[in-house]
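In what follows, a structure is listed as structure tokens, so that the remarks can point back to it.
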Amino acid sequence: MRRPSAGGAALPPSPSIRPPMPGPAGSGHPGHPGHPGQPHQSPNGPPLQRPPPIGGIQRAPSPMMRPNMSQPGSPGMPRPFQSPQIQARPPFMGGHPGAPGSPAMNPMGFNGPPNGLGQNQSQPPTPKMQQQHLQGPPSQHPPHQPLGQDPGTLGGQMPGPSTPTPHAGHKPKRMYPTGITDSYNEPQPSYDQAPNGFQPPAPGMPAPGPGPVLGPGQVQGSQFFVPGEKQAPAFGQPVPAYQQGLQPLAGQPLQPNMNQLAGQMGAMNVGGGGGYGFNNQGPMLSTVALMGAAPKILDLDAPPPPINLPATASITQSPHANCDPSYKRSTLNAIPATSQLLTKSRLPFGLVITPYRSVKEGDDPVPVVTDSIIARCRRCRTYINPFVKFVEGGQRWKCNMCYTLNEVPSSFDYDSQTQQPVDRWQRKELNHAVVEYIAPTEYMVRPPQPLVYLFLIDVSYPAIQCGMVATAATTILESLDRIPNDEGRTKVGIITVDSSIHFYNLGAESGEPQMLVVSDLEDPFLPQPNDLLCNLSDCRSTLEALLNRLNDMFKDTQNVGNALGPALQSAYKLISPIGGKILCLQASLPNLEVGALKMREDPKLLGTSKESTLLQSASSFYKTFAVDCSKSQVCVDMFLFGSQYTDVATLSCLPRFTGGSTFFYPAFTAAKSEDALKFAHELAEFVSQRIALEAVMRVRASKGLKMSAFYGNFFVRSTDLLSLPNVPRDQSYSIEVSYEDNLSIPIVCFQTALLHTSSSGERRIRVLTLAVPVTTSLSELYMSADQVAISTLLACKAVERGMNSKLDDARDALTNKCVDILGVYKTHMTASSSGATPNLQICDNLKLLPLLTLGMLKHVALRGGSQIPSDLRSYAMHLFSTLPSQCLIPYIHPKFYSLHNMPEHCGTIASNGIEMPLAMNLSSERLERGGLFMLDDSQNIFLWVGRDAVPQLCMDLFGVPNYESIRGGKTTLPTLESDFNQRVNLIVGKTREMRRTSYYPQLYVIKEDGDPALRLWFLSHLIEDRAEPIMSYYQYLGHLKDRVNASSF
């Protein structure tokens, strides 16, 4: 706005005056006639101009003038006070100096916390605050504020430490060591933006010019964080070729027409309003055609979609600030802001957690906080983590879950052992998303329990005849040195059972074990109060003597009775005062007293709607007993053997509700060395694991989200507290997440806390923190979906549906979910939103979801038909619910290799280990008459030998002259001096060792014209082929396409 001067003379505009805004065409100012770009003409004279200041005195700034954006320390504004001890911390990546907060934006008196907004609020930013931030800070020196006074101390603000002037000369309340820096007083670039990352221009401000379109919560200089992987290309750098635009339909070339691609992206509703546009500076939605091309199965091993967090989301720049996906991963790496958006997308929302993942060679161990300083939010009890914010000069921290302000513990920056200050920014809990605390006494209701192993061994006639007892006794004897016993507190006991219960006194003074027999099965009791459970170090010689003669003690038995129920009750009485593990080795069906089971396998029910009754527990005793065990911190693990019906569905209830594990050995006989080796290896590995004892687990989430369903082996003690008497290594738990309210925050955090006792007797807390951005864009939601985590969650849900309802319902639910995801993507993400389409399209990161769904439909756990015994199906369902994703995906979609023509470097030892050949698609088209192929489903390994295999291959690998001399079936590869034999043995060995579980895959040699049952078993894993009555992969895609075209979404 301009005013006429006294003499009507026009003077040049003041440099502090904002240039005029261009108005609409044909007007010099909005709402006034005139010519474009011309000032408003006065009716009686020249254009209106601003008069000069009178007498050289600068008048007060007009409200229409743009505020002066002074920087701290610049002329006209004093630099905030900074303690000399807190000036060594390097600035955040992407940070830039900003103006300190005004009184309206800084009620607590802290000048610019590192959240970048200049706010110190305990709640998420309000729209009004965001608008103030966009309009810029107010005038640096309000009329009522003396120059140099801290703005946070004015206006009747809430009490808090003021920021003194440089001349005040006073010391802060707490002296900080070098390394706690002045970042507290220098605001960082904001990530507290609207959920979709888009901010409208402030009133009266020019619209931003052309520039890169940023993702949700992004700022310039933000980074893409892929847990456990290298960083993605930075802004302005090229991205991988598959991200350069839409993929062509099968058989159609992709024309390098940028305008056409931009139009396609616009038709997909991306590139505006916070979506990902077509540019080379960020990720983009890449659509691929499913039909007409073989699936790219190598992408099953690719890392999950990147978690796109701003650089300032974490208070440290540690690469370990967000959780590694092997510990915890989300099905969505961008969380929808509203439940309506999640419902619209039809994508499942959940977490897959493996809290006690094994640490292999080359893995980083979990860092341990040893000073017992545990900082937790006083409201929501969240543990301090890399995504909190320090405020008020570092004396308080703001919770990233509920935004409550909490006091920093007084010893947080001090090492009580060395009596020296410590660098706060080097603390493990601020740099690592996965961390363990040594818990103080307030986290204990009793002293930490010792590790207790009570072996309950079936010694009935079937168990002796199959060789299970002899193999178990030998394995336990050879594994005594491997059982964790760091502090000499581990206890061991043995109970054997047939039609009576046999206890063993391991503490006899004579050094010889004494057998105590209890024949009263209606009311079993402990024959003596002591020495039935003894310290491993004290009773070692007696225990070894018992194990050496255990098989001989019952070798002539003809007793076929089995009183498992009373034996479990006796074991519970013995172990419940302490807690521990009951390892039950069972080779026959329980048939006496409580817990007795009957042969209920009915071939007429297999393949019908009533088959699910065979998958449910036949006796309520086992579930009730398991719940009692859980309350007393007792875990039950089942090792099930037998050539006949074993009722895995009923007996697996014990591990399911006590946090245990189930191992199944159908048709076991120790006369086959392969069977004995598998059982011995798995039992030895299992008892030597360092596990977590007497544990409870809780998953917390940001306000607005809640945990709604839990899948895995545990007992739900309260709405969100899981009771785990044992946490085995590499056991997985899946949790479904739902909405309580819409999200108004830019980043959501999930924190898992596992309170447990370690095998060494320490009470510890393992904390896993995962931060994920929030989005309002459907395209970003699809682009962030993790097909591996989705498949893991869907497998657990399908098992739950199959056991509680019908298998048909479980199979239909999987297909319906796949149809929903494809249909929503077609309707909202592609140009062909309505009408039939000749192809199926999905984003690149979900392109293998239909294949994994088909793999589940063809798996023993869910496949239809009347040829699958209920024991095998129940055991497969158990694995579906407990295997970690790294093992579950090969179990659903096996690895398939060609060995006869593999490159020379495959099977050799390189710098990164043994080189593996490339995996192939699971189709019989890949088989050759003279070839050698290997298939691995994480539980078994198959070697397929073609009927035209040349004699040289047979001699080099098997040491036999020709194909006819090869012995098919379960076998062990010979060790020969030939190069090919050594390479194949190395590949088989690595396949067995690369998984993170105790399971030991057995090797089967399948001859092309050999045993028909083995041949069909192998071919059933080639899921891209048709197998009656289930469709091939391409037929299944056609079925999905017809369903999508016939429905509306």
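The values are calculated or read from the model by the stated rules, or taken from the named source; none is laboratory data. Treat the numbers as computed from the prediction; the structure is a model and nothing was measured. All Cβ positions, glycine included, derive from the backbone under ideal geometry; neighbour counts span all protein chains shown. These accessible areas exclude ligands, DNA and RNA; they are computed on the full protein's heavy atoms, side chains included. Shrake-Rupley method; radii C 1.70, N 1.55, O 1.52, S 1.80 Å.
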Number of the exception - K826 against (1) farther than 22 Å from E736 by Cβ; (2) open to solvent by less than 10 Å² (accessible area, probe 1.4 Å); (3) part of a helix (DSSP H, G or I): (2)
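Anything in the stretch 573-599 that is open to solvent by 40 Å² or more (accessible area, probe 1.4 Å) and at positive phi? List them, or say none. Quick ask: steps written out before the conclusion?
Step one: of the stretch 573-599, the residues open to solvent by 40 Å² or more (accessible area, probe 1.4 Å) are 573, 577-578, 591-594, 596, 598-599.
Within the stretch 573-599, just E593 meets the criteria.
Residue by residue, here is whether (1) small (G, A, S); (2) open to solvent by 20 Å² or more (accessible area, probe 1.4 Å); (3) outside the structural domain of C635 (by TED's automatic domain parsing) holds:
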site	(1), (2), (3)
R698	no, yes, yes
D730	no, no, yes
D786	no, no, yes
A789	yes, no, yes
Sole residue being open to solvent by 40 Å² or more (accessible area, probe 1.4 Å) and touching a residue at least 12 places away in the same chain (Cβ under 8 Å), chosen from D371, D413: D371
For G467: the one exception among (1) buried (at least 19 other Cβ atoms within 10 Å of the Cβ); (2) at pLDDT below 90: (2)
Answer residue from the stretch 577-598, given it is over 39 Å from the mean Cα position of the chain (by Cα) and charged (D, E, K, R) and is farthest from C653 (Cα to Cα) among those: E593
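Looking at the stretch 839-936, what helices (runs of 4 or more DSSP H) fall wholly within it and have at least 1 residues that are among the aromatic types (F, W, Y)? I'd like the intermediate steps shown before the answer.
Working: elements: 849-857, 870-882, 885-892.
Here the list reads 870-882, 885-892.
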Hey, P325 open to solvent by 20 Å² or more (accessible area, probe 1.4 Å), within 19 Å of A439 (Cα to Cα) and within 19 Å of the chain's Cα centre (by Cα) or not: no
Search result, residues across the stretch 513-540 that are open to solvent by 70 Å² or more (accessible area, probe 1.4 Å) and aliphatic (A, V, I, L, M): M515, V517
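Here is a yes/no grid of residues against (1) closer than 29 Å to G989 by Cβ; (2) part of a loop (DSSP other than H, G, I, E, B); (3) not assigned by TED's automatic domain parsing to the domain that holds L1003:
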{"position": "C635", "(1), (2), (3)": "no, no, yes"}
{"position": "F639", "(1), (2), (3)": "yes, no, yes"}
{"position": "T646", "(1), (2), (3)": "no, yes, yes"}
{"position": "Y665", "(1), (2), (3)": "yes, no, yes"}
{"position": "E674", "(1), (2), (3)": "yes, no, yes"}
{"position": "E682", "(1), (2), (3)": "yes, no, yes"}
{"position": "F686", "(1), (2), (3)": "yes, no, yes"}
Cross-chain or 6+ apart pairs with Cβ under 6 Å, the stretch 741-753 first and closer than 29 Å to I765 by Cα, then assigned to a loop (DSSP other than H, G, I, E, B) and of a type in the set (V, I, T): Q751/T382
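Residues are listed down the side, and each one gets a yes or a no for (1) under 22 Å from L722 (Cα atoms); (2) assigned to a loop (DSSP other than H, G, I, E, B); (3) at pLDDT 95 or above:
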position: N322; (1), (2), (3): no, yes, yes
position: L341; (1), (2), (3): no, no, yes
position: V352; (1), (2), (3): yes, no, yes
position: P355; (1), (2), (3): yes, yes, yes
position: S358; (1), (2), (3): yes, yes, no
position: D364; (1), (2), (3): no, yes, no
Boolean, T775 is open to solvent by less than 20 Å² (accessible area, probe 1.4 Å) and farther than 26 Å from R656 by Cβ: yes
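Could you pull out every one of the strands (runs of 3 or more DSSP E) wholly within the stretch 454-552 that has 1 or more residues that are of a type in the set (A, V, I, L, M, F, W, C) and under 42 Å from the mean Cα position of the chain (by Cα)?
Values: elements: 491-497, 501-505, 514-518.
It comes to 491-497.
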Of residues in the stretch 975-1012 being among the β-branched types (V, I, T) and more than 23 Å from G362 (Cα to Cα), the one surrounded by the most Cβ atoms within 10 Å (Cβ to Cβ): V984
Residue within the stretch 475-486 that is under 17 Å from C584 (Cβ atoms), buried (at least 22 other Cβ atoms within 10 Å of the Cβ) and out of contact with any Lys or Arg (no Cβ under 8 Å at 6 or more places or on another chain) present: yes
Residue, surrounded by the fewest Cβ atoms within 10 Å (Cβ to Cβ), within the stretch 487-512, restricted to residues that are more than 29 Å from V594 (Cα to Cα) and of a type in the set (G, A, S): S510
